[in-house]
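Chemist: Structure incoming, see below.
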Amino acid sequence: MTFLLTTWCIKTSNSQPLMTTSILYKDVKLTTANDDQYFVFEDYIYQILLPFSRDTAVLRHFVQSSASPARSFIRGKFGSEEFMVYYPPNGIIPFHGFSMYVAPLCYIYNDPVVLYYVFREMYIRYFFRLHTLSSHPQGIVSLCLQFETLLQTHEPQLFMHLKAIDVQPLRIAFKWLIRAFSGYLASEQVLLLWDRILAYNTLEILPVLAAAIFSFRKTNLMQVQTLNAAEAVLVDLLTLQVVPLIQFMLFTQPSKLS
């Protein structure tokens, strides 16, 4: 049954083109296709995102969200509420980097049907919170607050230095959080991080890692005087190991880090 559903979605994507199809195609070209780790999965990712954009089962995540899906009228039926439909059908308008939610999973699943349903479940459980404004403790706003609180608590000297030179740490870390570090860490490290999201059933591990990275690069960050210099220190995260950094932040006393 799952195979039939996916086949139907793919056929529908070919027969009923949407504007979001062009957006997804452009996003894949600009992000995953330009990434040394994921460019080989370009077509594979596209095959997953097309049916995803038309899968109305994704709408169920709005029950847990403060957002509402966009709606429009069927062509030629404008003004009649009974002809209003969700657009796109899954209620999600893709944005730059959206395809990076799929890319790391391509290393695990070679069956597109299995990959599709795993990705859909990951999105409905977790990823939608990373680009939806809400007061939920795992929402992006709360994660940003948690990151700043951790950094200020564990590294007050570094935090004050960055503030003094008018560098907002969150401005650098936000792009990591909204993508769950996909595209920034090495692919196997992203999967290790996502394993822990599943194990603890929480996204709160993301700001812990973000704060740990700042702490790990503290020596160099204390010497910078501009935002560009700070970004240069943190631009390459491919050599970092996720598990030791998370353990370092969780199990080391703040007073020993400062």
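The values are calculated or read from the model by the stated rules, or taken from the named source; none is laboratory data. Not measured: the values here are computed from a predicted model. All Cβ positions, glycine included, derive from the backbone under ideal geometry; neighbour counts span all protein chains shown. Ligands, DNA and RNA are excluded from the accessible area calculation, which covers all protein heavy atoms including side chains. Shrake-Rupley method; radii C 1.70, N 1.55, O 1.52, S 1.80 Å.
Chemist: Helix 19-30 sits at what angle to the longest principal axis of the chain, using alpha carbons and giving 0 to 90 degrees rounded to 10?
Modeler: The helix 19-30 is inclined about 40 degrees to the chain.
Chemist: Within the accessible area of the chain, what % is carbon and sulfur when the probe is 1.4 Å and the other protein chains stay in place? Please report the intermediate quantities before stating the final value.
Modeler: On the way: 7520 of 13020 Å².
The C+S portion of the solvent-accessible surface of the chain is 58 percent.
Chemist: Report, in degrees rounded to the nearest 10, the 0 to 90 angle that the Cα long axis of helix 169-178 makes with the longest principal axis of the chain.
Modeler: 30 degrees
Chemist: Here is a further query. To the nearest µm²/s, what D does Stokes-Einstein give for the chain at 25 °C and 0.890 mPa s, using the Kirkwood radius over alpha carbon pairs as Rh?
Modeler: Values: Rh = 19.8 Å.
The estimated diffusion coefficient comes to 124 µm²/s.
Chemist: With a cut-off of 8 Å between alpha carbons and a minimum separation of six or more residues, what is the relative contact order of region 138-237 in percent?
Modeler: Answer for region 138-237 is 40 percent.
Chemist: Could you tell me how far the Cα centroid of region 84-111 sits from the Cα centroid of region 158-196, in Å?
Modeler: Taking the Cα centre of each part, region 158-196 and region 84-111 sit 22 Å apart.
Chemist: Now a separate question. With the contact rule set at Cα under 8 Å and sequence spacing of 6 or more, what percent relative contact order holds for the chain? Display every interim value, and only then the final one.
Modeler: Working: 309 pairs, mean separation 44.8, N = 258.
Relative contact order of the chain: 17 percent.
Chemist: Nearest 10 degrees is fine. How inclined is helix 140-154 to the longest principal axis of the chain, computing both from alpha carbons?
Modeler: It works out to around 10 degrees.
Chemist: Now, a different point. Using the heavy atoms of the protein chains alone and a 1.4 angstrom probe, what is the accessible area of the chain per residue in square angstrom?
Modeler: 50 Å²
Chemist: Which residues among region 196-215 fall inside the zone where the amide N is under 11 Å from a point 7 Å beyond the Cα of GLN253, along Cα→Cβ?
Modeler: Output list for this probe position: empty.
Chemist: Right, another one. Give, rounded to the nearest 20 debye, the magnitude of the charge dipole that the chain has about its Cα centre when Lys and Arg contribute +1 at Cβ and Asp and Glu contribute -1 at Cβ.
Modeler: 460 debye
Chemist: In the chain, what is the count of Lys pairs whose alpha carbons are under 27 Å apart, counting only pairs at least 8 residues apart or on separate chains?
Modeler: 10
Chemist: Pull out a ≥ b ≥ c, the square roots of the eigenvalues of the alpha-carbon gyration tensor of region 74-207, then state rounded if a/c is under 1.5, prolate if not and a/b is larger than b/c, and oblate in the remaining case.
Modeler: oblate
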